[in-house]
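The values are calculated or read from the model by the stated rules, or taken from the named source; none is laboratory data. Values in this document were obtained by computation on a predicted structure and should not be read as measured data. Here the Cβ positions follow ideal geometry from the backbone for every residue, glycine too, while neighbour counts run over all protein chains shown. Areas reflect the complete protein model, heavy atoms only, side chains present, ligands, DNA and RNA absent. Shrake-Rupley method; radii C 1.70, N 1.55, O 1.52, S 1.80 Å.
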Amino acid sequence: MSKTGHKFDSTILREYDIRGVVGKTLHVADAGAIGRAFGTIVRRNGGKKVALGYDGRLSSPELAKACVDGLTSVGVDVIEIGLAATPMLYFAVWHLEADGGIQITGSHNPPDFNGFKMMLGKKSFYGSEIQKLGEIAAKGDFETGKGTVDTQPVLDDYAARLLKDVKPGRTLKVAWDTGNGAVGVSIRAVVGKLPGTHYILNEKVDGTFPAHHPDPTVPENLKELQAKVKKEGCDLGIAFDGDGDRIGAIDGKGRILWGDQLMILWARDVLRTRPGATIIGDVKASQALFDEIQRAGGTPLMWKTGHSVIKTKMAELKSPLAGEMSGHIFFADTFYGFDDALYCGLRLLNIIATGSESLAEMLDKLPHLVNTPELRFDCADDRKFVVVEEVKARLKQAGAKLNDIDGVRVSTPDGWWLLRASNTQPVLVARCESANQAGLERLKADLKAALSASGVELPDEASAGHH
Ligand SMILES: [Zn+2]
């Protein structure tokens, strides 16, 4: 009912979601205002029903309550699905035919973070829409009304939907590490029904993440899973981030398969039933992914990094598969097109169970290029985009061959290097890839020189690594 405006800390309204440090930049009152402003947008979009879930962070229930109060105060009916991984909330929006969804989650960030991922209708709510939410809140331009609150568990339906796409094949031994994240809620309902032998690590949802940080793109966080795979002689291991929308995988030898390598396997699989289809990879992905999509009869497309922009692009192009280096993978051939890491795990098992090769054999046969991991290094928020623009301008002037869809991805006879600004952190992101080590060293020198001309020093790989 309030006409009083609410101002958010300027750092929390981000490109793909709302995220902040609880008690510092993100407060319970913000959750209420997000509920009122988002609910207002849903109502003005002709909707009335919003599904809401939250991850296992200690601050989540309190933020959820305030958000629900905000939603109902503008006349939105809320369906609470309770503690859930983000993809289970996405599923609920589809399954319950809601007009929008809100997942309260800090994703893979440290325990003191939390945030909001939103869907309007069945689409990602991001970019300028999030800015508009901020404007509505600042003006206090809220709808009025009195909505209802209903609780509707969706776990059984969700598990049944995921299991529907499991193919019969040889039985596998698999280790799964949910990292005390929200996939702990749903893993047993799904994996418990699979044939074979399954070991679940860190299943108990615990927002303090006692075992390790729930981010499977950091090798350190995969050590426990690697040890389990080795000890039990598993065919593979699968890991999840804190809210279950990113996957990590290791083969039976304990080697990590990065998002772009896994994508090659999934692309080949999808292209068998969708010949010629457009398959999307992000600008950080290896050239091998785009080459292999082509070789398998698909149409490769390189697109911007960011789960919301990728989902939007794939819907626009009716692409059956898209994926990011970071492990956000989207299946739309027989699934909904949102990033569900548990579903991706099942699709990986399908490939191995129905084929004759082990995952390790498949990895051995992938094209061998030499590349850096994703290099991330600090650069102030007000500087990072400027640096990329400066580098781009100089390269263009020099006549370099480049793709500037998201930062700059420069091709040379040696391979390519990428420089882009993170949309979510005061960080610059870089990556280089070549056919051989000497070429990689030359690319790194090119990147270093390009940055240096803008007064930025490229740290050595060890200190820049993933984080
Ligand atoms: Zn996540």
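Here are the numbers for this structure:
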{"quantity": "Checking Gly127 against (1) at positive phi; (2) open to solvent by 60 Å² or more (accessible area, probe 1.4 Å), the condition it does not meet", "calculated": "(2)"}
{"quantity": "Inter-residue pairs, beta-carbon under 6 Å, first modelled with pLDDT of 95 or more and charged (D, E, K, R) and in the range 93-113, second open to solvent by 20 Å² or more (accessible area, probe 1.4 Å) and not in a loop (DSSP other than H, G, I, E, B), 6+ apart", "calculated": "Asp99/Lys49"}
{"quantity": "Residues that are of a type in the set (Asp, Glu) and more than 15 Å from Val229 (Cα to Cα), drawn from the range 162-211", "calculated": "Asp165, Glu203, Asp206"}
{"quantity": "Failed condition for Ile351, given (1) in contact with an Asp or Glu (Cβ under 7 Å, 6 or more places away or on another chain); (2) β-branched (Val, Ile, Thr); (3) open to solvent by less than 10 Å² (accessible area, probe 1.4 Å)", "calculated": "(3)"}
{"quantity": "Single match in Phe116, Phe91 (criterion: within 16 Å of the ligand (Cβ to nearest atom), more than 15 Å from the chain's Cα centre (by Cα) and open to solvent by less than 10 Å² (accessible area, probe 1.4 Å))", "calculated": "Phe91"}
{"quantity": "Answer from Gly244, Gly207 - the residue that is at pLDDT below 95, within 20 Å of the chain's Cα centre (by Cα), within 16 Å of the ligand (Cβ to nearest atom) and open to solvent by less than 30 Å² (accessible area, probe 1.4 Å)", "calculated": "Gly207"}
{"quantity": "Neighbours by Cβ (under 7 Å, 6+ apart or cross-chain): first from the range 31-44, open to solvent by 10 Å² or more (accessible area, probe 1.4 Å); second among the polar types (S, T, N, Q) and in a helix (DSSP H, G or I)", "calculated": "Arg36/Ser73"}
{"quantity": "Meets criteria (over 21 Å from Trp303 (Cα atoms), surrounded by 15 or more Cβ atoms within 10 Å (Cβ to Cβ) and over 22 Å from the mean Cα position of the chain (by Cα)) for Leu402", "calculated": "no"}
{"quantity": "Hey, Asp282 within 16 Å of the ligand (Cβ to nearest atom), of a type outside the set (A, V, I, L, M), closer than 30 Å to Ile200 by Cβ and over 11 Å from the mean Cα position of the chain (by Cα) or not", "calculated": "yes"}
{"quantity": "Identity of the residue in the range 216-226, within 26 Å of Gly196 (Cα to Cα) and touching a residue at least 12 places away in the same chain (Cβ under 8 Å), that ends up most open to solvent (accessible area, probe 1.4 Å)", "calculated": "Glu224"}
{"quantity": "Complete set of residues in the range 137-182 that are open to solvent by less than 40 Å² (accessible area, probe 1.4 Å) and of a type in the set (Ser, Thr, Tyr)", "calculated": "Tyr158, Thr178"}
{"quantity": "In the range 248-262, the residues that are within 16 Å of the ligand (Cβ to nearest atom) and open to solvent by 10 Å² or more (accessible area, probe 1.4 Å)", "calculated": "none"}
{"quantity": "Residue match in the range 1-18 (condition: β-branched (Val, Ile, Thr) and over 23 Å from the mean Cα position of the chain (by Cα))", "calculated": "yes"}
{"quantity": "Residue in the range 354-378 that is nearest to Ala430 (Cα to Cα), counting only those that are among the small types (Gly, Ala, Ser) and either open to solvent by 20 Å² or more (accessible area, probe 1.4 Å) or not in a helix (DSSP H, G or I) (or both)", "calculated": "Ser358"}
{"quantity": "First in the range 441-467 and modelled with pLDDT under 90, second anywhere and assigned to a loop (DSSP other than H, G, I, E, B), Cβ under 7 Å, 6 or more apart", "calculated": "Glu461/Thr372; Gly465/Pro373; His466/Thr217; His466/Val218; His466/Pro373; His466/Glu374; His467/Val218"}
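Matching residues to (1) open to solvent by 10 Å² or more (accessible area, probe 1.4 Å); (2) more than 23 Å from Leu172 (Cα to Cα); (3) not acidic (Asp, Glu):
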| site | (1), (2), (3) |
| --- | --- |
| Glu292 | yes, yes, no |
| Arg295 | yes, yes, yes |
| Lys304 | yes, yes, yes |
| Ile310 | no, yes, yes |
| Ser319 | no, yes, yes |
| Arg347 | yes, no, yes |
